[in-house]
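The values are calculated or read from the model by the stated rules, or taken from the named source; none is laboratory data. The structure displayed is predicted, hence computed values, not measured ones. Note that we place each Cβ from the backbone using ideal geometry, even for glycine, and neighbour counts take in every protein chain shown.
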Amino acid sequence: MAEGDPKVFPVSPLLFLPETVGEFAVYLRQGGRLVLYVNKQETFTRAHRDRLMDSGVERVFIASQDREGYDYYVQMNLGRLLSDESIPLEERVQAWRQASASIVKDVFQEKLPRPLSKKRFSDVLALVDATTDFFSNPESLRRIAKFINHGFSLYHHAIGVMVLTVSVLHACEGVSRREMVDSCLGAMLHDMGKTRIPAPVLGKKPEHMSEEERGMIHSHPMMGAGMCLQMPVSKLTQDIVLFHHERHDGSGYPSGLLGEEAPLPVRVVSACNVYDSMTRNLPGRAAKRPYDALSTMNARREYYDPQVLRRLIMVLANAEIA
């Protein structure tokens with residue numbers, strides 16, 4: 001296999017955990033060629049890893065045709081990879097980014113209203129669980145910040161809101177891990193109802209929508225909550241999906257909840273949802289800079305729980321985003 005072969009992609013050898021097996025072969029670059037190092041379905045041992053480290057190998061290669069097998073390997077081992085502090089944080093961030101994009105994209109592209117398969121829902125829970133712990137470290141958010149506002153699809157937005165929500169909740173007192181996990185899941189799924197709205201309607205600016213089209217947009221929280229009934233999720237997760245467009249002054253929808261009538265995680269997702277939307281390039285609308293987005297939110301501060309808005313600003317400042 002030639003060195004410049006476009007049918008391979010490079011990865012860090014640190015992402016291969018000892019005594020694991022992957023549905024892909026691993027190649028090394030030697031003398032201008034790529035040579036087989038570990039075969040498909042062969043156990044990747046500690047000796048394999050140590051030899052690479054001792055030789056100073058920073059990148060190994062995987063055939064592009066085995067990409068799905070490699071993605072599955074990362075997803076299945078994500079919790080171990082993220083918690084392994086012998087792996088540089090930058091490599092763990094890349095592993096999280098790769099796994100989250102793959103899983104969340106698949107969720108939003110499922111043929112709905114058919115419920116998610118048990119396997120896919122299991123993948124989602126594993127991602128949420130790993131994300132909850134990984135973003136307890138503010139440095140993780142700082143490293144992922146340059147990536148989370150890329151892309152304008154629903155699944156890109158879902159990932160951004162999920163990361164911000166977990167980071168803000170870690171800055172709040174009295175939030176249990178169970179609530180954290182349920183909130184992370186709700187943040188990921190909050191816009192699921194939009195998958196039932198025609199793409200041409202979603203792509204319109206609000207001022208160009210008919211009354212019927214605006215009604216369709218306003219119905220997406222209820223449609224999303226209905227979809228959640230087909231999944232084994234908690235009431236908190238359902239509440240986040242249903243109420244993420246509520247406002248602190250009671251002017252939101254669908255129920256016009258006022259202040260603390262909405263649970264704290266709902267108020268957090270509501271603020272994170274607005275911030276992520278404003279700082280993301282969308283069709284026909286350029287992204288705001290973080291400072292400008294926060295200034296806009298502060299000018300409309302009656303919409304948000306003041307404690308939540310302060311914590312969002314603090315989290316973004318600590319991550320050197322705002």
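Within the group Leu52, Leu36, which residue is modelled with pLDDT of 90 or more, more than 32 Å from the chain's Cα centre (by Cα) and surrounded by 12 or more Cβ atoms within 10 Å (Cβ to Cβ)? Just one listed residue meets the conditions, Leu36. Of all the listed residues (Val168, Val128, Val124), the sole one being closer than 14 Å to Val268 by Cα and of a type outside the set (D, E, K, R) is Val168. A single member of Arg97, Arg33, Arg59 is over 29 Å from Gly151 (Cα atoms) and among the basic types (Lys, Arg), and it is Arg33. Restricting the first member to the range 221-238 and to residues that are within 16 Å of Lys118 (Cβ to Cβ), and the second to residues that are in a loop (DSSP other than H, G, I, E, B), the beta-carbon pairs closer than 6 Å and six or more apart or on different chains are Gln230/Pro115.
Of the residues making up the range 135-147, those that are touching a residue at least 40 places away in the same chain (Cβ under 8 Å) and hydrophobic (A, V, I, L, M, F, W, C) are Leu141, Ile144, Ala145, Phe147.
Of the residues making up the range 135-164, those that are assigned to a helix (DSSP H, G or I) and small (Gly, Ala, Ser) are Ser140, Ala145, Ala158, Gly160.
Based on what the data block shows, is Asp249 farther than 25 Å from Ser136 by Cβ, in the same structural domain as Ser117 (by TED's automatic domain parsing) and in contact with a strand residue (DSSP E or B) (Cβ under 8 Å, 6 or more places away or on another chain)? Judged against the criteria, Asp249 is a match. Taking the range 292-306 as the range and being part of a helix (DSSP H, G or I) and surrounded by 14 or more Cβ atoms within 10 Å (Cβ to Cβ) as the test, the residues that pass are Ala293, Leu294, Met297, Tyr303.
Could you list, in sequence order, all residues of the range 165-182 that are assigned to a helix (DSSP H, G or I) and closer than 21 Å to Glu139 by Cα?
Kept after step one, since they are assigned to a helix (DSSP H, G or I), are these residues of the range 165-182: 165-170, 177-182.
If the condition is that a residue be assigned to a helix (DSSP H, G or I) and closer than 21 Å to Glu139 by Cα, then Thr165, Val166, Ser167, Val168, Leu169, His170, Arg177, Met180, Val181 are the ones that fit.
Against the numbered list (1) touching a residue at least 12 places away in the same chain (Cβ under 8 Å); (2) farther than 14 Å from Ile240 by Cβ, Met192 comes up short only at (2). Restricting attention to the range 261-291, the residues that are charged (D, E, K, R), part of a helix (DSSP H, G or I) and without any contact (Cβ under 8 Å) to a residue 24 or more places away in the chain add up to 1.
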